[in-house]
1. Against the longest alpha carbon principal axis of the chain, how many degrees, from 0 to 90 and to the nearest 10, is the axis of helix 13-32 turned?
2. On the full set of protein chains, 1.4 Å probe, figure out the accessible area of Ser152 and give it in Å² to the nearest 10.
3. Pop out the carbon and sulfur fraction of the accessible area of region 57-135 as a percent, whole number, probe 1.4 Å.
4. Check the straight Cα-Cα distances from Lys36 and name the aspartates and glutamates below 14 Å, setting aside those fewer than 8 residues away within the same chain.
5. Tell me the trypsin sites (Lys or Arg not before Pro) within region 99-194 that lie in a loop according to DSSP and have at most 12 other beta-carbon atoms within 10 Å.
6. Can you give the Kirkwood hydrodynamic radius for the chain, in Å, rounded to one decimal and based on Cα pairs?
7. For every helix of n ≥ 4 consecutive DSSP H residues, a contribution of -39,500 (n - 2.57) applies; sum these over the chain, divide by its total residues, and give [θ] at 222 nm rounded to the nearest 500 deg cm²/dmol.
8. Accessible area per residue of region 89-198 at 1.4 Å probe, in Å²?
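The values are calculated or read from the model by the stated rules, or taken from the named source; none is laboratory data. Worth saying up front: this structure is predicted, and the values here are computed from it rather than measured. Counting neighbours? That spans all protein chains shown, and the Cβs are built from the backbone with ideal geometry, glycine included. SASA here: full protein model, heavy atoms, side chains in, ligands and nucleic acids out. Shrake-Rupley method; radii C 1.70, N 1.55, O 1.52, S 1.80 Å.
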Amino acid sequence: MPLVSIAMYVTSEPLADATAELWSFLRHYLSNAGLKDLPEKLDQTVPYDEAWLRPDLLLSQACGYPFARSLRGRVRLVATPVYGHPGCDGPLMRSFIIVRKDSPLRSLEDLRGTSAAINSPDSNSGSNLFRTAVAPLAGDGRFFGRIIETGSHRGSIAAVAEGRAESAAIDCVTYANIRRFDPGHIKAVRIIAETPKGPGLPFITSGDASDDRLLLLRNALSAAIKEPSLAAMRATLGLVDFSVLSEADYQPLLSLAGDALPQMRA
């Protein structure tokens, strides 16, 4: 049975339910097109980043920076979601740089020498775009006084709210989802800046998938956007379309992460 793991934006029950509804529709579409033995439910046992290179992968959602750095040529790019949230621009997205609501910090320059929280060093939205934003202000590859690693965007928000870090970069989709479904989690923080934008989190399939399989997956995603009965699901996810990008479209994320930028490791 092929692996299907869509686990990037499922941290609240409405999002998890909507993502499950999306897969239910895709499964029905793919089954009618002749694919057999498709799982009824999304896999919740395989860590999301371990799913990306599984040879039995049918569909997953990857982070943009790992895709550009280590997945290109090893998986096939299906499509990139287009979200309608503030900070999104077609298939491109940015992160919001946050501080505590009562913090005296007002600008990127004010963050010099302070502590920053990142979800992980290889995160595009939580680390790569963050350091891109402060790079023009950095000297000798340094800017922050201390970096802590939290493991998730929600963890980074908590670190800022609790005073364990003074700033963090939260991707605009995650921020919108928390604002809608768990607003108390961001009541103690505020946005002081936005990062540059880059291509969003792509849907991928296994590297040996045929062109026919790739086209079928793209057609299924396109059908999910057009299906009238899925309007509520799309609204919950903030999903307005899918865009077919090339691997070259993700290449700029690597240049953003050049050696001259401040290092973002704990």
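1. Taking Cα atoms only, the helix is inclined about 30 degrees.
2. Ignoring ligands and nucleic acids, Ser152 comes out at about 50 Å².
3. Solvent-exposed carbon and sulfur of region 57-135 make up 46 percent of the total.
4. Reachable aspartates and glutamates: Asp56.
5. Working: sites: Arg100, Lys101, Arg106, Arg112, Arg131, Arg142, Arg146, Arg154, Arg164, Arg179, Arg180, Lys187, Arg190; in loops: Lys101, Arg106, Arg112, Arg164, Lys187.
For trypsin sites (Lys or Arg not before Pro) across region 99-194 that sit outside H, G, I, E and B with at most 12 neighbouring Cβ atoms in 10 Å, the list reads Lys101, Arg106, Lys187.
6. 19.0
7. Values: 9 runs with 81 residues, N = 266.
For the chain, the value works out to -8500 deg cm²/dmol.
8. Result: 39 Å² of accessible area for each residue.
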